[in-house]
Amino acid sequence: MQMNWPRKLLIGIPFLWLLALFLVPFLIILKISLSDPVLAIPPYSPRLDLSNGFEGIITFFSELDFENYIFLSEDSLYWKAYISSIKISAIATFFTLMIGFPLAYAMSNASENWRTPLLMLIILPFWTSFLIRIYSWMGILSNTGLINQLLLWMGVISEPIIILNTNTAVYIGIVYTYLPFMVLPIYATLDRLDGSLLEAAQDLGCTRFSAFWLVTLRLAKPGIAAGCFLVFIPVIGEFVIPSLLGGSRTLMIGKVLWDEFFANRDWPIASAVAVFLLLILLIPIVLFQRNEEKQREHER
Amino acid sequence: MNHTKPLTPHHFAPWQDGTSKPLISFSNVSKTYGDFSAIDNVDLKIYPKEFFALLGPSGCGKTTLMRMLAGFEEASTGTIEIDGHNMKGVPANKRPVNMMFQSYALFPHLSVADNLAFGLKRSKMPKSEIDGRVEEMLRLVQLTKFAKRKPHQLSGGQKQRVALARALAKSPKLLLLDEPLGALDKKLRQETQFELVDIQEKTETTFVIVTHDQEEAMTMATRIAVMDHGKLMQVGTPDEIYEAPNSTYIADFIGDISIISGHVQDIENERATIIWDESQTPIRGSFERNVTKGTQAHFAIRPEKIQISKTEPSQGYNKIFGQVEDIAYTGNMSTYFVRLPNQKLITSQMVNDRRISQRSITWEDHVWLSWHDEAGIILAK
Amino acid sequence: MRKLSWFNTVTLSLGFAFLYLPILILIIFSFNESKLVTVWSGFSVKWYGELFKNEAFLEAAWVTLRVGIISSTLATVLGTMAAFVLVRAGKFLGRTLFSGMIYAPLVMPEVITGLSLLLLFISIGVDRGLMTIILAHATFSMCYVCVVVSSRMSQFDESLDEAALDLGCTRLDAFFSVTLPIIAPAVISGWLLSFTLSLDDLVIASFTAGPSATTLPMQIFSSVKLGVSPEINALSTILIGLVTLGVISASLSTKRVKTRKNLH
């Protein structure tokens, strides 16, 4: 096909849009992360000055350095925040899997008539506000909240236990809001599973449990992997959950970045935090995409 | 088979008449994708009112050739003319050609009538005439009652007829049909073959059909082009292709055939003689023009042209002996698989004009196979 | 048809209770008389009344509505174009970069997207406000639209387009009279998805909004930080109600189309 005008426009418009509003901003972050903070507006230097021509570009590049990254590695706050984010995300992903898998399994075993409404019920929370869903837990978990009221009333505890503003609350919030992301891909693989495979396994001498272990679980692996990535990746950069449900000791990098930017106004450090966060995420993202590709090949 | 052939007058053979103007002409057309050559130097003329079949296995280039006519592919080299106009750079929507797609490509959001009117609305036809034309097309394919239905409410055969009617609605000079019967079941396919031929005659449109089904091509077409690896292997009427294939490839592709390879000993009186086995008599028969004395050649013969008997025929050539290895009984016919002493397997087919108990040949019998001079053909390659 | 085992029944009941109870509780307490959110003291709709007197919330809702409608419309146009490019355009220079830029924003942490866009707007000297939120939302939403539309497009029989050309359409005419009507459901759900994404977004809006514009999630966030309040419960109930209504009517309308198809 020739590069005619309509085709050029069709490709060009979304392409330029994404270049300008996705790639260029990212390059700017990269550049600022290599600059120094100054008390000015904007609060960083050097700024690219094209009026000096080529020399300006050279001085611009010569003034960039990795100072912010060195600072990042020296201040224990940052790397602790990264490690803590990964840890929280990993633990939360595990819990989500433990709850999400049985749910997806039960859904795939429901009768035909029930499956569509059940699927709808899983998807529906997607459409309701994320913020509101997290907010709903604040009233439940607080010292005077429903859980404490219930436990006090039953006499299990004598004074309120503190759940809100702890890591426990953060885990509950993550599992709650990310559960559909885990259930949907697992359900999709289980739903495609041919029931006669299990019958064949039992016919060949498996017990129901070993058939589940050897056949169902193995074949659901791509779905489980996809679900785990879909929870693990975004949770690392999560901001809303730790800031509403977490406490002062909940350390997550999304919140650190937010505070660095809005509270400290240290743009270069905030940018360095962002760039390094992305580097960390690169590995799971690549793994995730490989998993998806493998699955797509299987479907062919 | 003959009764389904278009009832064109016997002399309808414009390709033999030097003065007829072709509707389509391909001259030295090639199409390459990188290193791959999809169409390799094709020269072909198709005449008005022909029912022309492009036949070949999948990937042979027949679909590419058709898509070039429709305007969805450009030739890499060579020229394509339709009705005397060079089609280079003419987009699909400006060509006097319509196509019936293999998937039918019926617009799912439009009713049958709207599908038929789709092309008309884009031509210069006044609105008042469109309805009449749609009516006419619905009658032609007997779908008047279904005008308001959506495609998904039709059966496979009905969809096929809507697709045909839609492509014919604009009265194109040339109608392209891409595997038009491919999605239908066997019985429906046979019925539809008649209908297609019938409609072709009524509308006097030139049809070019792409198919991989040789029976379909033989039944419907006035001429067939057999393609392989982007090349035209042979172009001819169905009986030419069947009776006088120009290569063992064609012979093998169309119908069942036995092939015996040997050495050309002699050529005289329009007959070639080939020696192929010390212990058997030579084969004598008509030959294709590339066969020369002293070279390798292949004798091809259809099973139904071979006689089978337990006694030795009197003729001095065109007879071979062997042993019956297997018999396939298909009701009206019996096919005998005869193993020759040199291990070659030859098939012979006989019409069962007697009851099974009265037939004398059975497994393990030693038999003679024989045929007359005109029954087979000797090919160079 | 299989009967559910007790294990599956219990799992489903607990699972859906976990998903829906918090929302149910939130809705119930929006009708609570007392200022204390967690102690029930009687039925009342007074917090809804309070809400409609709160100008900050009304203003923010109006901003959010405008941002949502404009940005999701932009995103739908751009995302549909991008889906066309991915599915139909074949090879072109920068294709890998293009598809990378489509898929990357889907997994990009919001804090990074927000920060990078903010830095862009500042470095080219654009005043932040409604406009910048719209640009930001349109950018990440178009990627979602592209994914939704392109999955529909890849099931689309290309010979339908060719048939339209064959019957005399120009490419543009073929798009509007054949392709668009067929992919319309995907385009519409792409729009709805963009709209809810925009309605829901806190982080990116906070970065790109500037002092002049406040969206509803920003307003909710800043009041929620101070603690639970019945007014927010009332607002949440309204939002949940609207979404539920939308989802139910959308699914009913598709069901109606299906049954209509089956009737014939």
* Treating cross-link reach as a plain straight distance, find the aspartates and glutamates whose alpha-carbon is under 19 Å from the alpha-carbon of A:LYS221, omitting any fewer than eight places away in the same chain. => A:ASP191, A:ASP194, A:GLU292, A:GLU293, A:GLU297, A:GLU299
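Taking segment B:298-374, which GluC sites (Glu not before Pro) meet the DSSP loop condition and have no more than 16 other C-beta atoms within 10 Å?
Working: sites: B:GLU304, B:GLU325, B:GLU364, B:GLU374; in loops: B:GLU364, B:GLU374.
Those satisfying the criteria are B:GLU364, B:GLU374.
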* For helix A:112-127, what angle does its Cα long axis make with the longest principal axis of chain A, in degrees from 0 to 90 and rounded to 10? -> 30 degrees
* **Qualifying lysines (Cα of each under 23 Å from Cα of B:LYS305; at least 8 residues distant if same chain)** => B:LYS5, B:LYS319, B:LYS344, B:LYS381
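Can you put B:HIS152, B:HIS263 in order, fewest other beta carbons within 10 Å first? If you can, show how the numbers build up before the last one.
On the way: B:HIS152 10, B:HIS263 14.
In increasing order of surrounding Cβ atoms, one gets B:HIS152, B:HIS263.
Find the Cα radius of gyration of the protein assembly as shown, compare it with 2.2 N^0.38 Å by division, and give the number to two decimals.
Details: Rg = 37.7 Å, N = 945, 2.2 N^0.38 = 29.7 Å.
That ratio works out to 1.27.
In deg cm²/dmol and to the nearest 500, what is the mean residue ellipticity at 222 nm of chain B if only DSSP H runs of at least 4 residues count, each as -39500 (n - 2.57), divided by the residue total?
Calculated mean residue ellipticity at 222 nm is -6500 deg cm²/dmol.
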* **For segment C:43-147, the Rg and Dmax computed from alpha carbons only, in angstrom** => 18.1, 64
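Over the whole of C:180-193, what's the average partner chain Cβ count within 10 Å per residue? Rounded to a whole number, please.
Counting other chains' Cβ atoms within 10 Å and averaging over C:180-193 gives 1.
Please give the per residue volume of the convex hull enclosing the alpha carbon atoms of segment A:160-300, rounded to a whole number of Å³.
On the way: hull volume 19.8 nm³, N = 141.
For segment A:160-300, the hull spanned by Cα atoms encloses 141 Å³ per residue.
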* **Computed over chain A: relative contact order in percent, which uses C-alpha pairs under 8 Å that are six or more apart** => 26 percent
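Relative contact order (percent) for segment B:223-377, with alpha-carbon contacts under 8 angstrom and 6 or more residues of separation? Write down the numbers at each step before the final one.
Working: 311 pairs, mean separation 33.6, N = 155.
22 percent.
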* Structure fact -> Filtered hits (aspartates and glutamates, Cα-Cα < 14 Å from B:LYS88, offset >= 8 within chain) -> B:GLU73, B:GLU74
* Asked: Amide H of B:ALA38: which non-local residues (sequence gap of 5 or more, or other chain) have their own amide H closer than 5 Å, using H built in the peptide plane?
  -> B:LYS31, B:THR32, B:TYR33
* Dipole of chain B, positive direction: furthest Cα of B:VAL29, B:PHE101, B:ILE46, with charges on the beta-carbon -> B:PHE101
* Please grab the % of Cα pairs in segment B:225-366 that end up more than 19 Å from each other. => 58 percent
* Structure fact -> So for chain A, using the alpha carbon gyration tensor with a ≥ b ≥ c as root eigenvalues (a/c under 1.5 gives rounded; past that, a/b versus b/c decides prolate or oblate), I'd call it oblate
* To do: Can you tell me the 0 to 90 degree angle between the C-alpha axis of helix B:112-121 and the longest principal axis of chain B, rounded to 10?
  => 70 degrees
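Mind checking C:231-240 for the average number of partner chain beta-carbons within 10 Å of each residue's beta-carbon? Intermediate values should be presented prior to the final figure.
Values: counts 0, 5, 4, 0, 3, 7, 1, 0, 4, 8.
Other-chain Cβ atoms within 10 Å of each residue's Cβ, averaged: 3.
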* To do: Quantify how strongly other chains surround peptide B:103-109 by giving the mean number of their Cβ atoms within 10 Å of each of its Cβ atoms.
  => 6
* To do: Place +1 on the Cβ of every Lys and Arg and -1 on the Cβ of every Asp and Glu in the protein assembly as shown, take the dipole about the Cα centre, and give the residue among C:ILE188, A:PHE95, A:GLN202 whose Cα lies farthest towards its positive end.
  => C:ILE188
* To do: Counting helices only, and only those DSSP H runs with n ≥ 4, report the 222 nm mean residue ellipticity of chain C as the sum of -39,500 (n - 2.57) divided by its residues, in deg cm²/dmol to the nearest 500.
  => -25500 deg cm²/dmol
* Classify chain B as rounded, prolate or oblate from the Cα gyration tensor: take a ≥ b ≥ c as the square roots of its eigenvalues, call it rounded if a/c is under 1.5, otherwise prolate when a/b beats b/c and oblate if not. => prolate
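Can you bin chain C into rounded, prolate or oblate? Criterion: square roots of the alpha carbon gyration tensor eigenvalues sorted a ≥ b ≥ c, rounded for a/c under 1.5, prolate for a/b above b/c, oblate for the rest.
Working: a/c = 2.18, a/b = 1.34, b/c = 1.62.
Taking the square roots of the gyration eigenvalues as a ≥ b ≥ c, chain C is oblate.
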* Can you put A:TRP258, C:TRP62, B:TRP371 in order of Cβ neighbours within 10 angstrom, beginning with the fewest? => C:TRP62, B:TRP371, A:TRP258
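Just to be sure I follow the definition: excluding the sites themselves, where is the longest run in chain C that has none of the trypsin sites (Lys or Arg not before Pro) in a DSSP loop with at most 16 other Cβ atoms within 10 Å?
Working: sites that count: C:ARG2, C:LYS3, C:LYS35, C:LYS91, C:LYS225.
In short, C:92-224.
Using DSSP H assignments, which helices in chain C have an axial alpha-carbon span of 27 Å or above and a mean Kyte-Doolittle hydropathy of 1.0 or higher? Write down the numbers at each step before the final one.
Numbers: long enough: C:6-30 (35 Å, 1.89); C:55-88 (48 Å, 1.33); C:130-153 (32 Å, 1.57); C:180-200 (29 Å, 1.52); C:230-263 (48 Å, 0.51).
Qualifying helices, which must be both long enough and hydrophobic enough, are C:6-30, C:55-88, C:130-153, C:180-200.
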* To do: Treating the angle as unsigned and between 0 and 90°, give the value, to the nearest 10°, between the Cα long axis of helix B:127-140 and the longest Cα principal axis of chain B.
  => 30 degrees
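Longer than 20 Å from Cα to Cα, which of C:LYS35/C:LYS225; B:LYS49/B:LYS186; B:LYS159/B:LYS186; A:LYS8/B:LYS124; A:LYS31/A:LYS255 are they? Say none if no pair is.
Values: C:LYS35/C:LYS225 17 Å; B:LYS49/B:LYS186 27 Å; B:LYS159/B:LYS186 16 Å; A:LYS8/B:LYS124 30 Å; A:LYS31/A:LYS255 22 Å.
From C:LYS35/C:LYS225; B:LYS49/B:LYS186; B:LYS159/B:LYS186; A:LYS8/B:LYS124; A:LYS31/A:LYS255, over 20 Å: B:LYS49/B:LYS186; A:LYS8/B:LYS124; A:LYS31/A:LYS255.
Here, each number is a calculation from the coordinates, and none is a lab measurement. Source: prediction; values computed, not measured. Every residue, glycine among them, receives a Cβ derived from its backbone with ideal geometry; neighbour counts consider all protein chains shown.
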